[in-house]
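**Q** Dumping the structure here so I can ask a few things about it.
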Amino acid sequence: MIHPILIIVMILGIVLASAVANAWIRKRVFGRTYSALMAGDYPTFFEEVDSKGMRSMFSEYVRDSLKLSAFMAQKDTESVTQTFNRMMKSKICDTQKGDLLIRGFQYYAEQKDQKKVCTITEKMEEVLDKELAGKYRRHYAIIFGKSSEYIVDLEKETPLHRNRMKGYLQYLLARSYRNAGRESECISLLREAAAEYRVAPGNLEETVRVL
């Protein structure tokens, strides 16, 4: 008769071996999919993300998140919207929903889709903390709402930062100046913002992210 302790040890060994094997397989399957996504090999990516291995080991939400990245990179707005809306309807926590809204905000802001950015900004108020939601509200107000109400605050805040953060605030201040009809100050400050981002002035718009 096998000693009970030996049986327990054998069971634990089998469980551990199974867990290690499962983790290795998950890493390998995910790695193939993610590598294709990062390489921009979209035919391979979409084949991998819907493969039997990915479907058996990862939730639809995880796979949709990867697909959303691919659709955004390809500027496939119709597919982005379908995937984004499906993910928003999933049973996810506020942290996941907040991350998703931030991704959506940036994408639709780049597409200059004011209606969608407005809707996302409103939803952010329900999910993100007050300070973070305020940053996106300010960005929306300046870029899409043509507001100049933040000029004084931005003039005080901008000199307190360096590098990309300073560049982002200079960008917001420059656009605020434009909204107020101060175009010469806007142009000058946009050049400074581009220098902080280390990009050509013409590439600043596509580089800016809410910080």
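**Q** Dividing the Cα radius of gyration by the Kirkwood radius, what Rg/Rh value follows for region 124-203?
**A** Answer for region 124-203: 0.99.
**Q** Using a 7 Å offset from Cα along Cα-Cβ at ALA180, what residues in region 150-167 end up with backbone N under 12 Å from the label point?
**A** 150-156
**Q** Hey, another quick one. So for the pair LYS89, LEU211, with labels modelled 7 Å out along Cα→Cβ, what separation do we get in nm?
**A** 3.8 nm
**Q** Quickly estimate the mean residue ellipticity at 222 nm for the chain, helices only: each DSSP H run with n ≥ 4 gives -39500 (n - 2.57), and the total goes over all residues, rounded to 500.
**A** -25000 deg cm²/dmol
**Q** Where the accessible area of the chain is counted over protein heavy atoms with a 1.4 Å probe, how much of it, in %, is carbon and sulfur?
**A** After summing per-atom areas, the C and S share lands at 55 percent.
**Q** Additional query: For the chain, modelled as a Gaussian network with Cα springs under 10 Å, which listed residue fluctuates most, LYS67, LYS156, LYS75?
**A** Checking each option, the largest mean-square fluctuation is seen for LYS156.
**Q** Could I ask something else about it? Keeping every protein chain present and rolling a 1.4 Å probe, give me the accessible area per residue for region 112-183 in Å².
**A** That works out to 57 Å² for each residue.
**Q** Can you compute the FRET efficiency between VAL62 and VAL152 using 1/(1 + (r/R0)^6), with r the Cβ-Cβ distance and R0 = 30 Å? Round to the nearest 0.05.
**A** E between VAL62 and VAL152, to the nearest 0.05, is 0.10.
**Q** Which FRET efficiency, nearest 0.05, do ARG164 and LYS112 yield, Cβ-Cβ r, R0 22 Å? All intermediate terms of the calculation are to be shown ahead of the outcome.
**A** On the way: r = 22 Å, r/R0 = 1.00.
Efficiency, from the Cβ-Cβ distance: 0.50.
**Q** Moving on to the next point. Stretched out fully, how many nm does the piece from ARG55 to ALA200 gain, at 0.36 nm a residue minus the Cα gap?
**A** Working: separation 145, 0.36 × 145 = 52.20 nm, distance 4.29 nm.
Result: 47.9 nm gained on full extension.
The values are calculated or read from the model by the stated rules, or taken from the named source; none is laboratory data. Source: prediction; values computed, not measured. Don't worry about glycine lacking a Cβ; one is built from the backbone with ideal geometry, like all the others, and counts go over all protein chains shown. Side chains are part of the model used for accessible areas, which takes the heavy atoms of the whole protein and leaves out ligands, DNA and RNA. Shrake-Rupley method; radii C 1.70, N 1.55, O 1.52, S 1.80 Å.
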